[in-house]
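Working notes, structure below.
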Amino acid sequence: MSFQKIPPGTRGPSGMPSTFFTRSMMRVMEQLHRFRGDRFQGMDLLYLTTVGARTGQKRQAALSRFHDGDGWLVVASMGGAIRHPAWYHNIAAHPDQVWAEVCAREFRVEVEQLEGAQREAAWKRITAEQPRYLEYAAKTDRLIPILKLRPVT
């Protein structure tokens, strides 16, 4: 399984948090999430595990999830940054090595990048539920990818 990577933008915040900061926040979020349940700041969470595009090491990211039939939608917004998040590049490099943890259960998942009318319908649903994504989209000129994750049985 693979997908065509969407090109980065030409405008948007470029100074993103350091790796140390990101990993520290990840540990804090993970502890809070496991203690409080599946919600953080009004968002349903999942933990996405990918294999690093350059390192080959497993990487984990906490993401908002949106239930969608037989799986979940995740948004590669990176807060409206000029570039896509690392996890998006990792999926593009290793699309068959992706896992999602939801409600303390881990699943190997297949990934589909939504396009066209399917993406637009998902975007409307996501922004109705979490309007902050409209703010992220206003910061950048890149098309923010929406990915569907389906558990592999």
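Rule-based calculations on the coordinates, nothing more; no lab input. Since we're looking at a predicted model, the values are computed, not measured. A quick note on method: Cβ atoms are made from the backbone with ideal geometry, for glycine too, and the neighbour counts reach across all protein chains shown.
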For 66-74, 132-140, 52-60, ranked highest to lowest by mean beta-carbon neighbours within 10 Å, the order is 66-74, 132-140, 52-60
Between Asp141 and residues 5 or more places away or on another chain, the pairs with built amide H atoms under 5 Å apart involve Thr10, Arg11
Fewest-first ordering of Leu45, Leu143, Leu149 by Cβ atoms within 10 Å yields Leu143, Leu45, Leu149
